[in-house]
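To start, the structure itself, in structure tokens.
The values are calculated or read from the model by the stated rules, or taken from the named source; none is laboratory data. Keep in mind that what you see is a predicted model, and the values were worked out from it rather than measured. Counting neighbours? That spans all protein chains shown, and the Cβs are built from the backbone with ideal geometry, glycine included. Side chains included, ligands, DNA and RNA excluded: accessible areas come from the protein's heavy atoms. Shrake-Rupley method; radii C 1.70, N 1.55, O 1.52, S 1.80 Å.
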Amino acid sequence: MDPVSQLASAGTFRVLKEPLAFLRALELLFAIFAFATCGGYSGGLRLSVDCVNKTESNLSIDIVFAYPFRLHQVTFEVPTCEGKERQKLALIGDSSSSAEFFVTVAVFAFLYSLAATVVYIFFQNKYRENNRGPLIDFIVTVVFSFLWLVGSSAWAKGLSDVKVATDPKEVLLLMSACKQPSNKCMAIHSPVMSSLNTSVVFGFLNFILWAGNIWFVFKETGWHSSGQRYLSDPMEKHSSSYNQGGYNQDSYGSSSGYSQQASLGPSSDEFGQQPTGPTSFTNQI
């Protein structure tokens with residue numbers, strides 16, 4: 001039997017049913033979706049410029065852009081409708097910083113989730129034998145939760161700028177030929193942004209997963225166990241004082257009973273001495 005089958009038969013993968021490992025596996029999967037939908041994007045738009053002189057027209061102007069969305073470097077040529085002259089233009093904006101930050105966070109989150117899942121499955125005993133492993137895991141989880149929030153928010157703003165800069169209506173305003181009423185400028189094809197919208201959604205879903213996993217990682221640390229001991233100590237003291245109170249009450253009851261028996265003793269003796277009186281009286285007679 002190969003090692004993988006032995007581990008599976010021994011129940012090693014049952015740890016994936018626990019919330020800690022299950023959420024970590026979801027984080028791994030969602031991180032893939034996040035950087036794949038953003039980092040693998042490539043889109044474009046198509047415009048047409050119909051000049052009064054048809055020979056100067058260009059009815060198919062393709063503008064292609066892709067990750068990391070340095071739009072100011074995307075150049076294209078359009079007719080000026082003034083002879084054979086061409087106008088060289090470029091898109092406006094640069095969203096590379098937010099896009100690259102978002103993808104970087106997603107890639108490192110994927111790598112850490114993969115490593116943590118392997119540790120949970122194959123090295124669970126070493127992970128829990130001291131507080132160092134859970135403590136590092138807790139700190140990293142908190143840091144990635146913050147990074148996902150910042151990265152997703154920044155990329156959402158960057159995507160909004162990309163949509164404005166690649167809007168065909170905005171691009172047509174850059175062309176000098178389109179400012180003349182005699183020329184006809186049209187948008188034939190607009191860029192499809194569905195995958196980029198999906199990347200933003202997965203970014204915030206990753207933030208929710210990592211933030212929710214903070215509690216389950218915290219339960220593995222020594223801070224949680226020490227907190228439980230702190231809460232259990234006052235309860236133990238309270239129960240011990242209650243038991244001591246009950247013991248004193250029982251001892252008080254037993255002592256009172258003893259004193260009652262002691263007080264009854266002399267009266268019974270006195271009662272027993274009554275026959276001696278008549279005996280002595282007859283002797284006197």
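If you go through segment 207-222 and pick out every residue that is open to solvent by 70 Å² or more (accessible area, probe 1.4 Å) and either closer than 19 Å to Cys38 by Cα or in a helix (DSSP H, G or I) (or both), you end up with 2. Figure legend. Inter-residue proximity from segment 110-138: first residues of a type in the set (Asp, Glu), second residues open to solvent by less than 20 Å² (accessible area, probe 1.4 Å), beta-carbon distance below 7 Å, spacing 6+ or different chains. Indicated pairs: Asp137/Ala116; Asp137/Val217. Just need a number here: residues in segment 46-85 that are farther than 30 Å from Ser98 by Cβ and aliphatic (A, V, I, L, M). The number of residues fulfilling the criteria is 3.
Leu28: in contact (Cβ under 8 Å) with a residue 24 or more places away in the chain, of a type in the set (A, V, I, L, M) and open to solvent by 20 Å² or more (accessible area, probe 1.4 Å), yes or no? Show your work before the answer.
Values: in contact (Cβ under 8 Å) with a residue 24 or more places away in the chain: yes; of a type in the set (A, V, I, L, M): yes; open to solvent by 20 Å² or more (accessible area, probe 1.4 Å): yes.
Judged against the criteria, Leu28 is a match.
If you go through segment 52-67 and keep only what is in a loop (DSSP other than H, G, I, E, B) and either surrounded by fewer than 18 Cβ atoms within 10 Å (Cβ to Cβ) or free of Cβ contacts under 8 Å to residues at least 12 places away in the same chain (or both), you end up with Val52, Asn53, Ser57.
Being over 38 Å from the mean Cα position of the chain (by Cα) and under 27 Å from Glu100 (Cα atoms) is a property that holds for Val171. Contact annotation: residue pairs with Cβ atoms under 6 Å, 6 or more positions apart or on different chains, pairing a residue in segment 195-206 that is surrounded by fewer than 21 Cβ atoms within 10 Å (Cβ to Cβ) with a partner that is outside any helix (DSSP H, G or I), are Ser195/Tyr41.
Of Ile188, Ile92, Ile121, Ile139, all but one fail to be more than 25 Å from Phe33 (Cβ to Cβ), of a type outside the set (Ser, Thr, Tyr) and in a helix (DSSP H, G or I); the exception is Ile139.
Here is a list of conditions, (1) under 39 Å from the mean Cα position of the chain (by Cα); (2) open to solvent by 70 Å² or more (accessible area, probe 1.4 Å); (3) of a type in the set (A, V, I, L, M), and Leu91 meets all of them except one; can you say which number that is? Of (1) under 39 Å from the mean Cα position of the chain (by Cα); (2) open to solvent by 70 Å² or more (accessible area, probe 1.4 Å); (3) of a type in the set (A, V, I, L, M), only one is false for Leu91: (2).
Inside segment 157-182, residues that are of a type in the set (A, V, I, L, M, F, W, C) and outside any helix (DSSP H, G or I) make up a count of 3.
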